[in-house]
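The values are calculated or read from the model by the stated rules, or taken from the named source; none is laboratory data. Quick caveat: nothing in here was measured; it's all calculated off a predicted structure. Positions of Cβ are generated from backbone atoms using ideal geometry, with glycine treated the same way; all protein chains shown enter the neighbour counts.
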Amino acid sequence: MKDHQKTSWDVRTLVFLGALVAMHLVLTRVFVLELGFARISLGSVCTILAGLWFGPAGGAVVGFTADVIGCFMKGYAVNPFITLAAILWGVIPVLFRPLFLKGSRIKKGMWLCAGVTLASVISSLGLTTVGLVLFNGFNFFAIMPARIIQFCVMTVVYCVITNLLFFSPATNVIQGLQGHKMHSNP
C-alpha cells in the first residue's frame, strides 16, 4: 500500500491489521485490570499504531473490530459511544502525523504525544465516560475522579509505549513491506 488514501488493502496489510486486532484483544480482554467503570489495559496502543502505520482507515478498522469482538468475548452489549471511542484511538493521532515526521526526535515525540493525548481526552474522558453513564447507569460525578486519574496515568503510559514502538525499527520494517518509508526515525 503506497498511499494511505488507497481504498483496498493487500493480504499483507490485512494480516498486519488482524495481528493488531488480536494483540489489542489480548491486551484489553485478557491482560487487563477491570474496575467496572475503568479498565487498565494497553490495547489502545495497538489501535494507535494501526492508524500510524496503515492510515486512519486502518486504525478505525482495528479499533472497531477489536471493540466489537471484545464485547462478544466478554458478553457485553456493544456500546456505540465506546465503539466510537475505540475507532477514534486509531484516527486522531494520525491527524498529527505531518507534525511528527519532521524536526528533531524530541519534537517528533512531543507531537506524537499531543495526538495521543487528544485521542485520550476525546475517547477516554469524553465518549467512554458518556457511554458508561448513559448505557451502564454509572453516576457521572461518582466515576469522574477515578476516570481523571486513569486518564492521567494511562495517557503517559500510552505516549511512552507509542513513541518507543513508532520510532523503532518496527515502523521501518512495516513501511518497507508496504513499499515506502515514512521517515519516522530521527
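Quick notes on this one:
- Any hit, segment 6-20, residues being of a type outside the set (Lys, Arg), under 19 Å from LEU164 (Cβ atoms) and either part of a loop (DSSP other than H, G, I, E, B) or in contact (Cβ under 8 Å) with a residue 12 or more places away in the chain (or both): yes
One line per residue, one yes/no per condition, for (1) modelled with pLDDT of 95 or more; (2) exposed (fewer than 14 other Cβ atoms within 10 Å of the Cβ); (3) out of contact with any His (no Cβ under 6 Å at 6 or more places or on another chain):
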position: HIS24; (1), (2), (3): yes, no, yes
position: VAL32; (1), (2), (3): no, no, yes
position: PRO56; (1), (2), (3): yes, no, yes
position: GLY59; (1), (2), (3): yes, no, yes
position: CYS71; (1), (2), (3): no, no, yes
position: LYS74; (1), (2), (3): no, yes, yes
position: PHE81; (1), (2), (3): yes, no, yes
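- Pairs linking a residue in segment 121-144 that is outside any helix (DSSP H, G or I) to a residue that is exposed (fewer than 14 other Cβ atoms within 10 Å of the Cβ), with Cβ atoms under 9 Å and 6 or more positions apart or on different chains, are PHE138/GLY36.
- Of the residues making up segment 99-112, at least one is touching a residue at least 60 places away in the same chain (Cβ under 8 Å) and basic (Lys, Arg).
- Scanning segment 103-120 for residues that are polar (S, T, N, Q), farther than 19 Å from VAL91 by Cβ and assigned to a helix (DSSP H, G or I) turns up nothing.
- Cross-chain or 6+ apart pairs with Cβ under 8 Å, segment 65-82 first and over 15 Å from LEU20 (Cβ atoms) and touching a residue at least 60 places away in the same chain (Cβ under 8 Å), then aromatic (Phe, Trp, Tyr) and surrounded by fewer than 12 Cβ atoms within 10 Å (Cβ to Cβ): none
- Count of segment 22-46 residues which are aliphatic (A, V, I, L, M), outside any strand (DSSP E or B) and over 11 Å from the mean Cα position of the chain (by Cα): 9
- Residue match in segment 81-98 (condition: part of a helix (DSSP H, G or I), among the polar types (S, T, N, Q) and more than 19 Å from the chain's Cα centre (by Cα)): no
- Filter result for the condition that a residue is in contact with a Ser or Thr (Cβ under 7 Å, 6 or more places away or on another chain) and hydrophobic (A, V, I, L, M, F, W, C), over PHE167, PHE100, PHE138, PHE96: PHE167
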